[in-house]
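A quick write-up on the structure given underneath.
Here, each number is a calculation from the coordinates, and none is a lab measurement. Note that the structure is a prediction, hence the values are computed from the model and not measured. Cβ placement follows ideal geometry from the backbone for every residue including glycine, while neighbour counts extend to all protein chains displayed.
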Amino acid sequence: MQTTVATVRSSKKKGTLQLPVFRVLRKKHRYELTRDYSGKKPLFIAILNGAFMFAADVFKAIAFEAEICFIKLASYKGTHSTGHVITAIGLDANVQGRHVIILEDIVDTGKTLHTFLPQIQNQGPASLKICALLHKAEAMQFALIVDYVGFTIPNRFVVGYGLDYDGLGRNLPEIYQLAASSAANDDMQ
């Protein structure tokens, strides 16, 4: 079941995408995750670096027993995917027989999860679901089901709330669309 909570709202500030992240976490995700996982003690796997803020807020919002661990996967340089997924920090938890929820900051082409999910599936989890803060449905290149979606956004590069541009912008409390001049400069490199 795919759940889309909201779409991007324009802001008066140029380039700002005002997404009510905390409202979504408190209401929609908490309800759905509680309904689906209460009493099952799921394992959340957060994908670093981008999902660290989202993962922390999701984990604070749930009201049932669960565990969380982190892995680090990377596929971006600047505003473009390199096409290669690098595992910098691997999974150190046993997922066999566990209900697993992947926490991802953004699903755009789907390459990262397309590469990573078979590694988890081969370990025999009881179930495997994807929970993403952002989903760029029009950018998808791989067949994936994103089970819990915070926001569906246009195919534009965004930063803030854990998402970055070459390592910068993760600390921004809101989500912003990268200015066209920054993306154009990145295209010239």
**Item:** Cα centroid of region 110-145 to Cα centroid of region 47-61, whole Å
**Value:** 17 Å
**Item:** Added length on full extension, which subtracts the Cα-Cα distance from 0.36 nm per residue, residue 60 to residue 143
**Value:** 26.9 nm
**Prompt:** Taking the Cα-to-Cβ direction at residue 69 and at residue 168 and moving 7 Å from each Cα, how far apart do the two end points lie in nm?
**Reply:** 3.6 nm
